[in-house]
Amino acid sequence: MINKTDDYLHFSITATGRCNASCSYCHFYAKRPRQNMMYDINEYIFRYYIDLIKFIKEDIGQKKITYRLSGGEPLVMGDRVFEMSRYAYDRIGQKLNILTNGIALNDNIIEKAKKNNVGAFIVSLENPFEVAEGAANPQNIVNKIIDFNSDELQVLPGIVIVSNKMFGELEHICDYFYENLGCIPPISEKTYAFYESPTQKELEALKENVANIVEKYSEKTNLELFPYIIPEIINDGGNEYLVELDIEGNSIKETYNASYDYLMKKIKRSYPTVQCNKQCDWSEFCITRKWIWDYSTNDINAETKREDYCLLKQSLCEGYLEGMLRIENKRKE
């Protein structure tokens, strides 16, 4: 299933269950009480994961690999997070990234990161027009990205979560980030326990706003709009797979080969082949679908979510096409 030359494996190590924010839509605590997750990853588990990634890179021969620490919020771990980044670099020879909400970023953290082989901070951002309760102020985080990003250590915008009712404001959201950062962060819908089915009006707003964004920005900056829905467009060729290595150590097996086989089976379950009998203009773009679309949440069953996926994908693809056609028509004028 995995092409060792062309496909990316993105390893995400859950380093801690602790966090210094309390975002209302956080899926990490959606099915596990926050008070039960107030601990950090065991050192043995962490080192096993690093050696497993090294094995997959060197012995299995996977060419394209990234790896990161996530949480929770890794920066609440203090200096230990930099001990981990230094150890990982010494073993793998490739710098790890740190996924963060940005609240704890300061001059001291940045200097320690530079000295301890951190590749980049990937900073999650809030929708500036609908800030979730308990989340960081997006303008403060944008200012930190501007202040701290450098050639020596990248501080990059991470994903922005938007609710369905904000589909009509997507263009304005992108305008805000491009004007402040000179780029547009990845944008995604609410998922897991916080998923909501879109209305027809929201789907129409999604299509029109995506068309406007593609027309305005596709030749200026990279666009990653709704990667859970249209990865075939976003990834531009090779596949990309997120491999989650949990804090409990469930990927630890008797050998690295056994752990690798376990992860490959996990990827296959997480990215099932789309089984669809519908005939539409976008069927060739329905190859695999992340497992969340086959997962019932709250009052929305899996069948409804799969139908929603189809509607959302059509709206996004039609929006992309419309935006590209507008660009082509302008060139002909």
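Rule-based calculations on the coordinates, nothing more; no lab input. Quantities reported herein were computed from a predicted structural model and do not represent experimental measurements. With ideal geometry, Cβ positions are generated from the backbone for all residues, glycine too; neighbour counts draw on all protein chains shown.
Considering only ILE187, ILE213, ILE60, the mean-square fluctuation computed in a Gaussian network model of the chain, springs between alpha carbons under 10 angstrom, is largest for ILE60. Using a cutoff of 8 angstrom between alpha carbon atoms and counting only pairs six or more residues apart, the relative contact order for region 142-279 works out to 20 percent. Of all DSSP-defined beta bridges confined to the chain, some 10% are antiparallel rather than parallel. Note on SER296 and TYR262: their simple-model spin labels are 2.9 nm apart, each label 7 Å out from Cα toward Cβ.
A simple spin-label model places the labels of LEU325 and GLU152 5.1 nm from each other, with each point 7 Å out along Cα-to-Cβ. A full extension of the chain between ASP246 and TYR44 corresponds to an added length of 71.4 nm, given 0.36 nm per residue minus the alpha carbon distance.
What's the FRET efficiency of ARG80 with GLU303 using the Cβ-Cβ distance as r and R₀ = 51 Å, to the nearest 0.05? Efficiency, rounded to the nearest 0.05: 0.70. Within region 246-326, the trypsin sites (Lys or Arg not before Pro) that combine a DSSP coil assignment with at most 11 other C-beta atoms in a 10 angstrom radius are LYS278.
For the pair ILE60 and CYS183 in one chain, pulling the backbone fully straight at 0.36 nm per residue adds 40.7 nm over the alpha carbon distance.
Within the chain, no whole DSSP H helix has Cα atoms reaching 24 Å or more along its own axis together with a mean Kyte-Doolittle score of at least 1.0.
In this structure, the pairs whose alpha-carbon distance is over 28 Å, taken from LYS201/LYS265; LYS4/LYS95; LYS115/LYS216; LYS63/LYS265; LYS201/LYS266; LYS144/LYS265, are LYS201/LYS265; LYS115/LYS216; LYS201/LYS266; LYS144/LYS265.
Placing unit charges on the Cβ atoms of the charged side chains and taking the dipole of region 169-268 about its Cα centre, the candidate lying farthest along the positive direction among LEU206, HIS172, PRO231 is PRO231.
Amide H contacts under 5 Å for TYR8: ASN239, GLU240, TYR241, restricted to partners 5 or more places along the chain or on a different chain, H placed in the peptide plane at 1.01 Å from N. Among ASP40, ASP299, ASP51, the largest mean-square fluctuation in a Gaussian network model of the chain, built with springs joining Cα atoms closer than 10 Å, belongs to ASP299. In percent, rounded to a whole number, the relative contact order of the chain is 19, using alpha-carbon pairs under 8 Å and six or more apart.
Under a model in which nothing but the beta-carbon of Lys, Arg (+1) and Asp, Glu (-1) is charged, region 186-333 shows a dipole of about 200 debye around its Cα centre.
Here r is the Cβ-Cβ distance between THR199 and GLU219 and R0 is 35 Å; the resulting FRET efficiency, rounded to 0.05, is 0.65. Considering helices alone, the calculated mean residue ellipticity of the chain at 222 nm is -12000 deg cm²/dmol, with DSSP H runs of length four and up weighted by -39500 (n - 2.57) and normalised per residue. When the GluC sites (Glu not before Pro) in region 165-267 are filtered for DSSP coil states and for at most 13 other beta-carbon atoms within 10 Å of their beta-carbon, the remaining sites are GLU219, GLU248, GLU254.
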